[in-house]
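Enquirer: Structure provided below as structure tokens; questions to follow.
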Amino acid sequence: MAATPAKLYRGTATTTLTTAYTAPSATTAILTNLIVSNTTSSAATVSIQVDGFYLMKQSPVPPNGMLALDLSQVIPPSSTIKVQASVATAVDVHASGVEVT
């Protein structure tokens, strides 16, 4: 069994709940760090789902601010991380973790 550090997702959230990461079919992923940044001077919110359940739903991200979470959330094979922002192009999401094969 190999555990490999991985960039699970880095990108800008859209206003639609969108799949950001899907664990490969023979791989269990562990989400260990999540950073959300609001790159605008306006208020924005973010929603993040893991395997169909919300880690955060419409959580406020301050203007030009960020949220950081250290966690240990198991993502079973073929399961997903989904992201959504209240304002298009305002919220960047960085998800890091480990893939176990």
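Enquirer: Taking the conditions exactly as written (in contact (Cβ under 8 Å) with a residue 40 or more places away in the chain, in contact with a strand residue (DSSP E or B) (Cβ under 6 Å, 6 or more places away or on another chain) and in a strand (DSSP E or B)), does V87 satisfy them or not?
Expert: Working: in contact (Cβ under 8 Å) with a residue 40 or more places away in the chain: yes; in contact with a strand residue (DSSP E or B) (Cβ under 6 Å, 6 or more places away or on another chain): yes; in a strand (DSSP E or B): no.
No, not satisfied.
Residue by residue, here is whether (1) in a strand (DSSP E or B); (2) within 30 Å of A26 (Cα to Cα); (3) at pLDDT 95 or above; (4) of a type outside the set (A, V, I, L, M) holds:
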| position | (1), (2), (3), (4) |
| --- | --- |
| Y54 | yes, yes, yes, yes |
| Q73 | yes, yes, yes, yes |
| P77 | no, yes, yes, yes |
| I81 | yes, yes, yes, no |
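Enquirer: Within the range 68-84, can one find any residue that is polar (S, T, N, Q), buried (at least 16 other Cβ atoms within 10 Å of the Cβ) and farther than 14 Å from A20 by Cβ?
Expert: No: zero hits.
Enquirer: Among T15, T45, which is the only one that is at pLDDT 95 or above and outside any strand (DSSP E or B)?
Expert: Numbers: T45 fails: outside any strand (DSSP E or B).
The unique qualifying residue is T15.
Enquirer: Restricting attention to the range 40-57, which residues are among the β-branched types (V, I, T) and surrounded by fewer than 17 Cβ atoms within 10 Å (Cβ to Cβ)? If you could, list the steps in order and put the result at the bottom.
Expert: Filtering the range 40-57 down to residues among the β-branched types (V, I, T) leaves 40, 45-46, 48, 50.
Within the range 40-57, just T40 meets the criteria.
Enquirer: Where the second residue is of a type in the set (A, V, I, L, M, F, W, C) and in a loop (DSSP other than H, G, I, E, B) and the first is free of Cβ contacts under 8 Å to residues at least 40 places away in the same chain and closer than 14 Å to M56 by Cα and lies in the range 15-39, which pairs have Cβ atoms under 8 Å and are six or more apart or on separate chains?
Expert: none
Enquirer: Restricting attention to the range 19-39, report how many residues are surrounded by 14 or more Cβ atoms within 10 Å (Cβ to Cβ), out of contact with any Asp or Glu (no Cβ under 9 Å at 6 or more places or on another chain) and among the hydroxyl-bearing types (S, T, Y).
Expert: 2
The values are calculated or read from the model by the stated rules, or taken from the named source; none is laboratory data. Owing to the predicted nature of the structure, the values given are computational and were not obtained by experimental measurement. Cβ atoms come from the backbone with ideal geometry, glycine included; neighbour counts cover every protein chain shown.
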